[in-house]
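*Asks:* Below are the structure tokens for one structure; questions will follow.
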Amino acid sequence: QVQFVESGGGLVQPGGSLRLSCAASGIIFNIYAMGWYRQAPGKQRELVAGITSNGFTNYADSVKGRFTISRDNAKNTVYLQMNSLKPEDTAVYYCNALYNPKDYWGQGTQVTVSS
């Protein structure tokens, strides 16, 4: 079955950094577009960053220049490097794998930015 193991979330001070990882199994990882989404309390889930199967990336305007998405197809893993974190980045972050019509989600990892 399809499984995602997300890691790297936690509590960090404003201006700090975190690196999220999402290791996938049960899918042909290298054909899937991968993405990181987030959902803050009382808000809708939103796309943070995406990376296609051939490495093209896109970012939400709010994280451009601070976050970097990457993938390692040999390890079936997608990463999100988050720098210069702000309190408004606080949310549950979810890994997503998309190969239409197949669409899979991770369980989420909490990121809290607070002093």
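Rule-based calculations on the coordinates, nothing more; no lab input. Just so we're clear, the structure is a prediction, and the values are computed from it rather than from any experiment. Backbone-built Cβ (ideal geometry, glycine too); neighbour counts: all protein chains shown.
*Asks:* Considering every pair of different Cα atoms, what Kirkwood radius, in Å, is found for the chain?
*Replies:* Values: mean 1/r = 0.0713 Å⁻¹.
Its Kirkwood hydrodynamic radius stands at 14.0 Å.
*Asks:* Taking residue 75 as the anchor, which lysines have their alpha carbon closer than 25 Å to its alpha carbon, excluding any fewer than eight residues away along the same chain?
*Replies:* 102
*Asks:* Further question on the same structure: Quick check on region 1-54: take the gyration tensor over C-alpha atoms, sort the square-rooted eigenvalues as a ≥ b ≥ c, and tell me if it's rounded (a/c under 1.5), prolate or oblate.
*Replies:* Details: a/c = 1.93, a/b = 1.66, b/c = 1.16.
It comes out prolate by the Cα gyration axes.
*Asks:* A follow-up question, please. Could you please report the charge total around residue 39, scoring K, R as +1 and D, E as -1 over all other residues with beta-carbon less than 11 angstrom from its beta-carbon?
*Replies:* Value of the local net charge: +2.
*Asks:* How about region 26-115: which trypsin sites (Lys or Arg not before Pro) there lie in a loop by DSSP and see at most 16 other Cβ atoms within 10 Å?
*Replies:* 43, 45, 64, 66, 75
*Asks:* Can you compute the modelled spin-label distance between residue 68 and residue 103, with each label point 7 Å from Cα toward Cβ, in nm?
*Replies:* The modelled label-to-label distance comes out at 3.0 nm.
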